[in-house]
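Data block below; observations after.
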Amino acid sequence: MVNVISHFGVGLLIALALGLKGNKLKVVALLSVLPDLDFILYSIFIYANSSLSPAVRNQLFYLVGHREFMHSILFIVLVTFILWFKTKNWLFTVGGFQSLFFHSYLDYVTSWKMRPLYPFSTDASIMSAVYFFDPLLNLLPLLPLFIVILVNLSHTGKINGRFKRFCTFISNIDDKLYASLILLLLVWLTVMPVSKAFLINHISWAENTEISYQNTYPESMSQFLTAYSYNSTHYRVLEISYRSGIEKSMYVEKLSVDGNVPDAAAYVKRAENLYGAGVPQEIDYPVYSVSKTNDSVTVILSDARNPYIRDIAYFKSFYRFVFDRKNAKKYEVYASMHGSQEERLGMNWFG
């Protein structure tokens, strides 16, 4: 998940490296931010989703949710086909494809789950090999913007002297410069996922278990947070790094019961089934906390890593199911999504 300006910078870099000019350059650069326009559709969906049936709500979420269909392979193919059909320009079409592909891949390689194979599969996945605030991914794409602005200022006579000579030098080597920047980006996007794979294999060997690659998230450029099921009652949450392997470990209870709730397991199963009927399904290591009052039983569902993650809002989610003890069909669900304020969810969230 890279910021919008950096996405635009990557699209501009691709267009410049291909030697595109005029409107074609602008379109390829703008295509690099096209997938994030799903945020507009998602805002409309959030406003209207309470009136939808569960099945319709789920399908619309896949289509208009942020980082859903408009970040999928099918969307990239469809837009690329439209570009070719409208222009029959091979170079322009390739540029558009690369701009769209790099947007989705940069999001996929950082820190938020997506469904790249929708509608053929609704399984969410992520590579999570590069830190969200990685300076190379966020700053390198700004160089083309800076260079274009300087060159334009030079051509209009607004800068002179050393800056003008610098702009002339850049203009003479721009094809090699842009190609080098893309090569540097590609090398980085190859090295980091491979490095993470070696780290995961090392930790798996040390723990004598299989650590999930995609559920291991970067906390910094060299540190990751991961977890695995230690036994039937606990998860083991690990902070790991390239420098020292396992830096810290914590045990998290899968189920905690406050007070005497003899049928706690049945309420947990109800909460599990309800959660499983909705989307976005962002909880990988479910932790349940059960408590009881005179009239209701409350089950709070969260991720085992929630208390330990620092910068990634993706984990800051929890669901609070309140079941009526006298009426088995009556319940309410509240949620805090990605660190937002808790709010009551409509019944159409669940089948």
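The values are calculated or read from the model by the stated rules, or taken from the named source; none is laboratory data. Note that the structure is predicted; figures quoted are calculated from it, not measured. Note that we place each Cβ from the backbone using ideal geometry, even for glycine, and neighbour counts take in every protein chain shown. Ligands, DNA and RNA are excluded from the accessible area calculation, which covers all protein heavy atoms including side chains. Shrake-Rupley method; radii C 1.70, N 1.55, O 1.52, S 1.80 Å.
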* Contour excess over end-to-end distance, with Cα ends at Leu139 and Val77 and 0.36 nm allotted per residue -> 19.5 nm
* Asked: Relative to the longest principal Cα axis of the chain, at what angle does helix 22-31 sit, 0 to 90 degrees, rounded to 10?
  -> 10 degrees
* To do: Return the Cα extents of the range 255-345 along principal axes one, two and three, sorted largest first, each rounded to a whole Å.
  => 40, 24, 21
* Asked: Given +1 on the Cβ of Lys and Arg, -1 on the Cβ of Asp and Glu, and no further charges, what dipole in debye does the chain carry about its Cα centre, rounded to the nearest 20?
  -> 1020 debye
* Skip the ligands, DNA and RNA, and give the accessible area per residue of the chain with a 1.4 Å probe, whole Å². => 50 Å²
* Asked: To the nearest 0.05, what FRET efficiency results for Ser336 and Asp175 with a Förster distance of 56 Å applied to their C-beta separation?
  -> 0.65
* Taking Rh as the Kirkwood radius, which is the inverse of the mean 1/r over Cα pairs, what is the Rg/Rh value for the range 217-296? -> 1.09
* Asked: Sorted by average packing, counted as other Cβ atoms within 10 angstrom per residue and highest first, what order do 192-205, 241-254, 93-106, 113-126 take?
  -> 93-106, 113-126, 192-205, 241-254
* Angle between the Cα long axis of helix 264-276 and the longest principal axis of the chain, 0 to 90 degrees, nearest 10? -> 30 degrees
* Structure fact -> Carbon plus sulfur, as percent of the 1.4 Å-probe accessible area of the chain, comes to 63 percent
* Structure fact -> proj_area_mean for the range 37-153 (convex hull on C-alpha atoms), units nm², value 10.1 nm²
* Give me the compactness ratio for the chain, meaning the Cα radius of gyration over 2.2 N^0.38 Å. => 1.18
* **Degrees separating the helix 73-87 axis from the principal Cα axis of the chain, which is the longest one** => 30 degrees
* For the range 206-253, projected area of the alpha-carbon convex hull averaged over all directions, nm² -> 3.4 nm²
* Structure fact -> In deg cm²/dmol, rounded to the nearest 500, the helical mean residue ellipticity at 222 nm of the chain, built from -39500 (n - 2.57) for every DSSP H run of length 4 or more, is -15000 deg cm²/dmol
* Pull up the cross-link candidates among the lysines for Lys326, meaning alpha carbon to alpha carbon under 28 Å and not fewer than 8 places away within one chain. => Lys254, Lys269, Lys292
* Heavy-atom accessible area order for Lys24, Lys330, largest first, 1.4 Å probe -> Lys330, Lys24
* Report the label-to-label distance for Gln214 and Leu117 in nanometres (one decimal), using points 7 Å from each Cα along the Cα→Cβ vector. => 0.8 nm
* To do: Take the Cβ-Cβ distance between Phe85 and Ile44 as r, set R0 to 22 Å, and report the resulting FRET efficiency rounded to the nearest 0.05.
  => 0.20
* For the range 255-345, with the dipole built from +1 on Lys and Arg beta-carbon atoms and -1 on Asp and Glu ones, taken about the Cα centre, which of Gly278, Asn260, Ser317 lies farthest toward the positive end? -> Asn260
* Which FRET efficiency value, to the nearest 0.05, do you get for Lys248 and Val191 by plugging their Cβ-Cβ distance into 1/(1 + (r/R0)^6) with R0 = 25 Å? -> 0.45
* Show which aspartates and glutamates lie in cross-link reach of Lys329 when reach means a straight Cα distance below 20 angstrom and same-chain residues fewer than eight apart are skipped. => Asp263, Glu272, Asp295
* Structure fact -> Taking only protein heavy atoms and a 1.4 Å probe, the highest-to-lowest accessible-area order of Ser180, Ser302, Ser128 is Ser180, Ser302, Ser128
